[in-house]
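Colleague: Provided herewith is a single structure, encoded as structure tokens, for subsequent inquiry.
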Amino acid sequence: MTLATQHDSGQSSLPAAGSAAPPRPPGAGPASAPATRIAIHNLTVHYGTFCAVRNVTLDIPANQVTAIIGPSGCGKSTVVRSLNRMTDLVPGARVSGEAILDGENILRPEVDVVNVRRRIGMVFQRPNPFPKSIYDNVAYGPRLHGVRDRDLDEVVERTLRGAALWDEVKDKLHQSALALSGGQQQRLCIARAMAVEPEVILMDEPASAIDPIGTLRIEELIADLRATYTIVIVTHNMQQASRVSDVTAFFTMDEDRAGYMVEFGPTIEIFTNPRNQLTEDYVSGRFG
Ligand SMILES: Nc1ncnc2c1ncn2[C@@H]1O[C@H](COP(=O)(O)OP(=O)(O)OP(=O)(O)O)[C@@H](O)[C@H]1O
Ligand SMILES: [Mg+2]
């Protein structure tokens, strides 16, 4: 079975080499009301008895970049991890509420978690390539999902081109991924996430461990990817949020330290004309 036939969202392939996002500047907000890719409703997460995130309701727009910002501990990572079902791996973690992807609540325990993780990929703060070759890192997911060996070369090349990494690695595909620079490793991890043709890519502070040039490359890549994918990026870098995202969700904590969403809207409004004083204080650097 090929990946394209497994796909049930009508999104059939990665961008062809050299394909570019339509010229829509990040931060300008949507040209028209976009479709919702994931509708989050009353998402609440407990670790044991501690409530880390309370009643988050948020529509993640399709083919846009959604930034999640807020002070340390307000539950940004918890929210993205629960969407990828990483919270299943944390003993004592309990997730309630809904996250509707194509009509299905992906938080329900009965849902096929492998399929959720194929459709909603994740990139972490520290680049974490497998201790394998560059080729095998990209081929890993497609192999797992049944792509035949004879089709893998094409998938690997197309994916690495889509991740703007092909020219840098095409002559060393069979060398260890761990020999790449940190920034290259992170773009390889983005490529690894892209290789199974997800609909959504979650990125938890993807550039915080990367130097400024590497960060710029990742931001450029994110701008390109939103033509094909829905991106959610957690970042502590306000300039980065305003550069790369279309919409921004600002989270903070209650007195009981439970995280909650204060405000969500077009990035330009959150940064220049927020409705809530807490948002204003945070984006202007008075708090957090
Ligand atoms: N595995 C865990 N077990 C128990 N508590 C946890 C766990 N992971 C996170 N928490 C707690 O949940 C709250 C939210 O954590 P989370 O990592 O989601 O915050 P964050 O907004 O991503 O913070 P940062 O900006 O520092 O990355 C914090 O109080 C944290 O201590
Ligand atoms: Mg975090």
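Every read-out reported here was derived from the displayed coordinates using simple, explicitly stated rules and does not represent laboratory data. Please read all numbers here as calculations on a predicted model, not as lab measurements. Backbone-built Cβ (ideal geometry, glycine too); neighbour counts: all protein chains shown.
Colleague: Mind checking the angle between helix 212-225 and the chain's longest principal axis? C-alpha axes, 0 to 90 degrees, to the nearest 10.
Modeller: 90
Colleague: Calculate, in nm to one decimal, what Glu157 and Ala209 gain on full extension: separation in residues at 0.36 nm each, minus their alpha carbon distance. Numbers along the way, then the final one.
Modeller: Numbers: separation 52, 0.36 × 52 = 18.72 nm, distance 2.62 nm.
Here the segment from Glu157 to Ala209 would lengthen by 16.1 nm.
Colleague: Also, quick follow-up: By count of other Cβ within 10 Å, fewest leading, how are Ser72, Ser242, Ser82 ordered?
Modeller: Going from least to most buried by this count: Ser72, Ser242, Ser82.
Colleague: Let me ask something else. How would Leu152, Leu202, Leu178 line up from fewest to most surrounding beta-carbon atoms within 10 angstrom?
Modeller: Leu178, Leu152, Leu202
Colleague: Helix 134-144 versus the longest principal axis of the chain: what is the Cα-based angle in degrees, 0 to 90, to the nearest 10?
Modeller: Around 80 degrees separate the two axes.
Colleague: Under 4 °C and 1.567 mPa s, how fast does the chain diffuse according to Stokes-Einstein, given a Kirkwood radius computed over C-alpha pairs? Answer in µm²/s, whole number.
Modeller: It diffuses with D of about 67 µm²/s by this estimate.
Colleague: Using 7 Å Cα-to-Cβ label points, what is the Arg275/Ala33 separation (nm, one decimal)?
Modeller: It works out to 1.5 nm between the two label points.
Colleague: How much of the DSSP beta bridge set in the chain is antiparallel, as a percent to the nearest 5?
Modeller: Percentage antiparallel, nearest 5: 60.
Colleague: Rounded to the nearest 5, what % of DSSP beta bridges with both residues in region 200-286 are antiparallel? Walk me through the intermediate numbers first.
Modeller: Working: 7 of 12 bridges.
For region 200-286, the DSSP antiparallel bridge percentage is about 60.
Colleague: Helix 149-162 versus the longest principal axis of the chain: what angle, 0 to 90°, nearest 10, using Cα atoms?
Modeller: 50
Colleague: How many nm separate the modelled label positions at Arg143 and Glu220, each set 7 Å beyond the Cα in the direction of the Cβ?
Modeller: Modelled inter-label distance: 3.1 nm.
Colleague: Still on this model: Which ordering of Val283, Val234 is given by a fewest-first count of other beta-carbon atoms within 10 Å?
Modeller: By the 10 Å Cβ count, ascending: Val283, Val234.
Colleague: If you take the C-alpha gyration tensor of region 137-288, multiply each eigenvalue by 5 and take the square root, what semi-axes do you get, largest first, in whole Å?
Modeller: Taking √(5λ) for each Cα gyration eigenvalue gives 35, 16, 13 Å.
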